[in-house]
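The values are calculated or read from the model by the stated rules, or taken from the named source; none is laboratory data. What you see is a predicted model; the values in this text were computed from it and never measured. Reconstructed Cβ throughout: ideal geometry from the backbone, glycine too, with neighbour counts over all protein chains shown.
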Amino acid sequence: MTVRAVLGFRRWRHNPVCRATDRHEVWVALVALLLMLLAAPVLGWRVGSFTDNALQQVVRTQHEQRHPTAAVVVRALSGPSRFAQDPEAAVTEDSVRTSVVADWRAPDGTAHTGEVAAASTETAPGTRIRIWTDDRGHPVMRPMDTSAAHTHAVLAGMGAALLAGGLTEIARRLVVWRMMQQRYARLDRAWAEVGPDWGRTGTGS
């Protein structure tokens, strides 16, 4: 709609019936178009860059505080795993998870036994599985990886750019709507002034 208004004005800008409000409307459309083509992508890039920097810091922190270790399955547990909602597991690993009781050792060498998440094909007793623990040996979710952080940042940037473009178009429509209301109000006042004499002959007009 914005592009159509700008291109359409080029065809009839020299038309004698072209009003000042028509030119103002085209300028509003041109400004909105420039914002969509220039400002929105820049905003999206800035948001994506900021998000990526923040997420990369999270990645570094998580990899410093979480440690991979091997665990041995003792037995499977019925019911859904309390770790099944790991959002990162659905990105790079088997998203079908189940709960098992397993034995493992913390980074300091202390033995632990507890409930952890395992793939649905790794529930047999004696199976060795890979889990992540914190510094004290408590099970935690797998840390975010760099590629997942980049993906989230790209999506955030694209979302910001699309949102900026949408808000710009909404603002343009509101401005044009307001201009139309003012145009109709002026027409009503003009009609009120000449209306009583419309169609009469010899009224002095």
- [ ] Could you look through region 114-170, keep only residues that are β-branched (V, I, T) and in a helix (DSSP H, G or I), and pick out the one that is surrounded by the most Cβ atoms within 10 Å (Cβ to Cβ)?
- [x] T168
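A quick yes/no check of all residues on (1) basic (K, R); (2) in contact with a Lys or Arg (Cβ under 8 Å, 6 or more places away or on another chain):
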site: D134; (1), (2): no, yes
site: P143; (1), (2): no, yes
site: G159; (1), (2): no, no
site: R178; (1), (2): yes, no
Task: Per-region count, region 29-71, residues β-branched (V, I, T) and under 18 Å from the mean Cα position of the chain (by Cα) - done: 3
Open item on the list: Criterion first (within 21 Å of V47 (Cα to Cα) and among the hydrophobic types (A, V, I, L, M, F, W, C)) does V101 satisfy it?
Closed with: no
- [ ] Might you let me know whether region 90-97 holds any residue that is surrounded by 14 or more Cβ atoms within 10 Å (Cβ to Cβ), touching a Ser or Thr at 6+ places or on another chain (Cβ under 8 Å), modelled with pLDDT of 90 or more and not polar (S, T, N, Q)?
- [x] no
